[in-house]
1. Averaged per residue, what accessible area in Å² does chain B show with a 1.4 Å probe, protein chains only?
2. Determine ³J(HN,Hα), in whole Hz, for all residues of region B:333-346 in sequence, where each value follows from phi through the Karplus function 6.51 cos²θ - 1.76 cosθ + 1.60 and θ = phi - 60°; x replaces Gly and Pro.
3. What residues have an amide H closer than 5 Å to that of B:R165, excluding those fewer than 5 places away on the same chain, when H is modeled at 1.01 Å from N in the peptide plane?
4. Evaluate E = 1/(1 + (r/R0)^6) for A:I390 and B:A409, where r is the Cβ-Cβ distance and R0 equals 56 Å; express this FRET efficiency to the nearest 0.05.
5. To one decimal in nm, how far is A:G269 from the same spot in the other copies, if labels go 7 Å from Cα toward Cβ? Please give the shortest first.
6. How large is ³J(HN,Hα) for each residue in region B:260-272, as worked out from phi by the Karplus curve 6.51 cos²θ - 1.76 cosθ + 1.60 (θ = phi - 60°), to whole Hz, x for Gly and Pro?
7. When DSSP beta bridges are limited to those with both residues in chain A, what percentage is antiparallel, rounded to the nearest 5?
8. What do you get for trypsin sites (Lys or Arg not before Pro) in region B:111-191 restricted to DSSP loop and a cutoff of at most 10 other Cβ within 10 Å of the site's Cβ?
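The values are calculated or read from the model by the stated rules, or taken from the named source; none is laboratory data. Just so you know, these numbers come straight off a predicted model, no measurement behind them. We place every Cβ from the backbone using ideal geometry, glycine too, and count neighbours over all the protein chains shown. The accessibility values were calculated without ligands, DNA or RNA, using every heavy atom of the protein model including side chains. Shrake-Rupley method; radii C 1.70, N 1.55, O 1.52, S 1.80 Å.
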Number of protein chains: 2
Amino acid sequence: MELLARLVQQPSVSAQNMGFDKAPWLVKDALDLVGLNAEIVPVPNNGHPSVFGSISGASEHTLLFYTHYDVQPAEPLELWDSEPFEPSRRDGRIYGRGTSDDKGNIVARLAAIRAFNEVRGSLPCNLKFFVEGEEEIGSRNLRGLIETRGQEFKADACIWEGGGRNLSGDPFIYLGLKGVLTIGMSVKLLHGDAHSSYAPILPSASWRLLQALNVIKDPSDDRCLISGFYDDIRPATDAENAAVASLPDESLEWQETFGVESFIGGVGGEDLRRKLLFEPSANINGFESGYNGAGMKTVLPAEAKAKMDFRLVPDMRPEDIFKKLRAHLDRQGFEDIELEYLAGVNPARTPIDSPWVRLVAETAEEIYGRKPVIAPTMAGTGPMYEFADILGMPIATSGVDHPSHKIHAPNENITEEDFLYGAKHAALIMQRFGERGLEE
Amino acid sequence: MELLARLVQQPSVSAQNMGFDKAPWLVKDALDLVGLNAEIVPVPNNGHPSVFGSISGASEHTLLFYTHYDVQPAEPLELWDSEPFEPSRRDGRIYGRGTSDDKGNIVARLAAIRAFNEVRGSLPCNLKFFVEGEEEIGSRNLRGLIETRGQEFKADACIWEGGGRNLSGDPFIYLGLKGVLTIGMSVKLLHGDAHSSYAPILPSASWRLLQALNVIKDPSDDRCLISGFYDDIRPATDAENAAVASLPDESLEWQETFGVESFIGGVGGEDLRRKLLFEPSANINGFESGYNGAGMKTVLPAEAKAKMDFRLVPDMRPEDIFKKLRAHLDRQGFEDIELEYLAGVNPARTPIDSPWVRLVAETAEEIYGRKPVIAPTMAGTGPMYEFADILGMPIATSGVDHPSHKIHAPNENITEEDFLYGAKHAALIMQRFGERGLEE
């Protein structure tokens, strides 16, 4: 817990480039302390470096822990009850930015390693420990690193970040993340804004952009109209569908959080969860044109802009969707709409019937004393593809999370109980993986 | 010219509420000086007052001059070569905000009155002189004033502001202005913005608003789809069509100004001018939703907003179009889109075959030595309806304008030549109107 406090005390806010002169060294020291022979690994484009360590164990099986040491910005600061970078213990919880996401996971796993060192003098399996520095800003330089040095990080199986317990106290494991394509759209039709009295004869960038946006999605059923958009989707297996069916129903919670009476298409129950987890989406992040201040201004805007993100499921690819969108717009006569590729992340999902998933689930049940809830994927996005597909490892989660930890929000915290669960689960995974590897 | 300098020196920027402690008194004094028995007339809602004066003449015919003493903001100040409120004479022009629009018109007309006073000792007709204080902010309190005291301002015919010469040096007369309806649109579907990973299941305000906007206009032919939108349009007469056909072709100038290769529907020539002058429009002033800053933010916006203006031709009514839009959206299932009525101005147009138009045109030809160009209407909007329809007067323009005067822009100016033309034309109109009134 002292080490967690030391790590949390050191800011490492990737979005604000804060603390990276010291944070990677502190992480390297922490890894070295448990014998992980750590090095600071530069990433392309002068990004925030990763830290990588490895150590041999008693068996031939090699396990990779994926974590990250960067954190979300602490703002809004006024909503914190104690300083975000001065860890403080209150009511059985330690508060501070990164206490749970993801410095809590780093330290819980290091605690498991130290326990083996102290009790046995050795580890039950070979271990690799990868700590990324840019996860909270979209892991934008990770792909380049994996392509050049990835083989060094390869293992037989991987434990991701992000597991832990759900609201009901059941251990929660997920096996995949969606991909994402984010784009900018823009159109400029006039040298400058015109007086709106010219509206009968001058083309309008506002109308043009929204007409283009309108050919992207069918308002009647919310389906994306880009030709070929759904072509490459890998159908969910019966086991995956069954897993989603047995996930807890969070629809009432979502209704309350977002203030909606019903969801798109009026779906509920399993269908709602299947939609959320297995369907891609075409979402508008924002759009803007002309005058939006107080009162009126009779202007005919010269320019209009929008941003979109497309969440992708296996085996869709952001570059492919970007090309298909361009072709779709061109075919509909919208060659004048400019598209900018902002970022792309591939989706990834480990098969639910993998022996690795069984090992992680079985050990979770032993540690938590309750049957784990397994989600074939989360609705969000992360750099899992680099490890799951490029390096070819089965991936599952095990961690220190709990909904009350408020990760990414003010007053992020961790309970000692969740920290210990996470450490013990990591230890048992290492133990069992050392004994039987990926055998059934 | 001294009086013009004095009026221009006194700021009267209605949009910035600047100078109205003094400006109306200065205008009243100027009117009184030529015997107009002026009074400062309060307008509803504590708006900037009008100034009204009247005087009897030698005949029974009564003429109303409409002008306004408020001006546009002088900003951007750095683009002025001399101070906007310190009139300065350079290269045969007087520079300063309001020198042309509309203080130049006020003073040119007062000069015509003074000339009659000095040379004849009386005026050839009865005269009313109305000087508005809020024209540059949409004459928002004029309707109320006209409804309560309008009959006092009524005359047999009215000279509007805004005439003068065009780029070719021909006297330019227009007989109407479009109306306008300006509205706000908004929709809020969630308590707050959501993470975009919820896009498969949560409704999006961005999509919703743009889908609603998209049922307002047909992208294929740019026609407004609101049921009944075109119902009340008074068809242009043969004479009006002929007048538009003989207007100068400004399409090349517009192409250059706005940087467009072609106009909506690819029209040109007479058709282009007819479209501009005789067709209503449905224009987006602006729209806004979600995140529009640098880079990406994968947000699903809770709210979306837009502003629109509809330019209206006789005999459309803003209140009616607003109701039809509401009904149209409701019929299409967009009951959740909130509409806000921001402002409405009725269109007005004096028949081109009116004896009054002939009198103004004939006198223009005498003064300028060239046949006048007559536009049945302008594409812009102004409070002409209050005088033309509520008070029931034929209206035409005569004034000091020239495109080189840069009205509303930095370095607004007036040439002595245009000032004299405007004064002489006003004088001859009074003379001829005194002689024959509205007889053929």
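1. 39
2. x, 9, 4, 7, 7, 7, 10, 10, 7, 8, 6, x, 10, 7
3. B:F172, B:D401, B:H402
4. Step by step, r from the Cβ atoms, then E = 0.40.
5. In ascending order, 6.7 nm.
6. My calculation for region B:260-272 gives 10, 7, 8, 9, 3, x, x, 6, x, x, 4, 4, 4 Hz in order.
7. Close to 70 percent.
8. none
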